[in-house]
Every structure is written in C-alpha cells, then in structure tokens.
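Comments concern the structure below.
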Amino acid sequence: MTKRRPLVAGNWKMNGSRTESAALLDGIKKGISSTSKAEAAVCPPYVLIPLAAEKLAGSAVAWGGQNLSVHKSGAFTGEISGPMLKDYGCTYVIVGHSERRTLYGENDAMVTEKYGAAQAVGLIPILCVGETLQEREANQTEAVVARQLDAVLSKHGIASFKNAVIAYEPVWAIGTGKTATPQQAQDVHRFIRSRLATKDKTIAESTRILYGGSMKGSNAKELLAQADIDGGLIGGASLQADEFLTICHAAD
Ligand code: 13P
C-alpha cells in the first residue's frame, strides 16, 4: 500500500491584513520543520500571496490560491489565472469550494474546467466536494459526492488524480462549529476512495483525501486517526498560528 503523506492546508478565505498575515505566516513557519511528517500549506487571499511567497520561501510550508480563472490571460476583469499563481510560487489551488459553488454559481462543469486549468500549469488542485444538510438528510450524500467527483473523472481521467488532492467538506459543517463525527467523515472518505478505486486501485490508494468543516486543534486527532482521512482543509482555525500548528502536529 502506498503511504500517503498527510496534508494540512489553511483556507484563509477573505481574512487578514498585511500585518496580521505577516505575523500568522511567521508563526506557522516557526512551528513547521522540514522533518515534519505532515505537509503544511496556506491559501491566503490573492493580494496576500506575494507576502506568503516572500515569508515562506525556503521553508517547509507551501502556499496556494483559493480559486483561479479557467483562462490563462486576457480581458477578464477581476480574475486571476493559473499562470499568475504559478508565477508567485503557488503549489496548490483550491477548486470547487462550496462557497464558490453556492455563492458564485460554480457548477460541476466550471469546477472541472478549473481543475484542468490548474493542472495545465502544474498547480495541484484541491478539489472540494460535499453535500448540504438537506442533501444529507435526504440520504443523498453519496450521490452528490459521486456526481461532483465523476464530473472531474469523466473529463480528466483517473490519472489526473496523481496530481490532485480531494477535500471532503460537508457544507453543513463549514463555519458552523458542527463537525462531522469521525465515523461520518470516514464513511464518505472511504466512499470517495472506493469510487476512485473502480478506475484504478493504485491511484485510489495514493490520493490524499482531506476533511474540512470546523476542524480544530481539539478535534483534529480523532478525525485524522481515521484510515481514509489524510489531512485537513482548515478555515477558521487556520487563522491562528497555534491552533493551526496543533492540527499540523496532530497529523504528524
Ligand atoms: P471551517 O474550518 O471554518 O469550518 O471552514 C472549512 C472550510 O471551508 C475550509 O475550506
């Protein structure tokens, strides 16, 4: 079985001044060594990416974007492209976050295109999938996650997952303080991996599947102890260095 290196990635969302972010980046950098088993990454807002690049260069902490345009350049006011993120040293980019899907109308087709645009320039997409509370209560969790996953699989193929990360983020657990139980999360992670395994067992075993949704220092250990949970995509708790580092160390 392929060993999966855990990844803990902070999604800062639309938070942070230059001053606050500089302190946060310094704090995180100090707590992560190159010998850490788990990999750490931060995804700050676009305007703070140059600061992250400057602060984290040469450290063991990677950085990435929260979104990208499907276009490389041109007349697309307000957009940021994959090549631009790459130019600032980004390793990762989040695609299909539920906030993008629900607040900005990104559908499976758009997310799939963004996933491809990221890989086309050598960025590793962190593909977010997850169901709403209504979908969970209607027993549609697996159907929704399968649909979101299959959109990408059918366009880009299973081999593309060699250079991708999946994040399972139940929408009802995001920013609500309501975490999925370790078993609830594990069940969906297992389902995602088995879905990939129907195409290629080796790739399924090596693909990292992160959990996201109110993960914090106090609940990280239990979640990360699950067999198919390979790290976290952290919102609120990634804005405090000590809290974020507690999660990173729990993943070690
Ligand atoms: P919270 O950790 O704030 O619930 O957010 C999770 C998330 O959306 C990460 O992408």
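The values are calculated or read from the model by the stated rules, or taken from the named source; none is laboratory data. Because the structure is predicted, anything quoted here is derived from the model rather than measured. Cβ coordinates were reconstructed from backbone atoms using ideal geometry, including for glycine residues, and neighbour counts include every protein chain displayed. For accessibility, only protein heavy atoms count, side chains too; no ligands or nucleic acids. Shrake-Rupley method; radii C 1.70, N 1.55, O 1.52, S 1.80 Å.
For every other residue with a beta carbon closer than 15 angstrom to the beta carbon of Gly82, add +1 if it is Lys or Arg and -1 if Asp or Glu, then tell me the sum. Cβ neighbours under 15 Å give a net charge of 0. The chain gives an Rg/Rh value of 0.93, both radii derived from C-alpha positions and Rh following Kirkwood. Of the trypsin sites (Lys or Arg not before Pro) found in region 143-182, the ones in coil according to DSSP and having at most 12 other Cβ atoms within 10 Å of their Cβ are Lys178. Hey, if you put +1 on the Cβ of every Lys and Arg and -1 on every Asp and Glu Cβ in region 89-235, which of Gln119, Leu149, Ala109 ends up farthest toward the positive end of that dipole? Of the candidates, Gln119 comes out farthest on the positive side. Sequentially through region 28-45, phi angles give Karplus couplings (6.51, -1.76, 1.60; θ = phi - 60°) of 5, 4, 4, x, 10, 10, 5, 8, 4, 5, 7, 8, 10, 8, 10, 10, x, x Hz, Gly and Pro residues having no value and appearing as x. If you count Lys pairs in region 1-109 whose Cα atoms are under 20 Å apart, skipping same-chain pairs closer than 8 places in sequence, the total is 9. Each Lys and Arg adds +1 at its Cβ and each Asp and Glu adds -1 at its Cβ; summed about the Cα centre, the chain shows a dipole of about 500 debye.
Annotation for region 1-38 versus region 191-248: alpha-carbon center distance of 14 Å. The share of accessible area on region 28-98 that comes from carbon and sulfur is 55 percent, using a 1.4 angstrom probe. Looking at the chain alone, DSSP beta bridges between its own residues are antiparallel in about 0 percent of cases. Comparing Val165, Val144, Val188 in a Gaussian network model of the chain (Cα springs below 10 Å), the most mobile by mean-square fluctuation is Val144. The residues of region 76-218 have, on average, 44 Å² of accessible surface per residue, using a 1.4 Å probe with all protein chains present.
Ranking of Met215, Met14, Met84 by solvent-accessible surface, largest first: Met14, Met84, Met215 (1.4 Å probe, protein heavy atoms only, all chains present). Close amide H pairs (under 5 Å, H built 1.01 Å from N) link Leu7 with Glu39, Gly231, Gly232, residues at least 5 positions away or on another chain. Taking Lys and Arg as +1 and Asp and Glu as -1, the other residues whose beta-carbon sits under 14 Å from that of Asp26 total +1.
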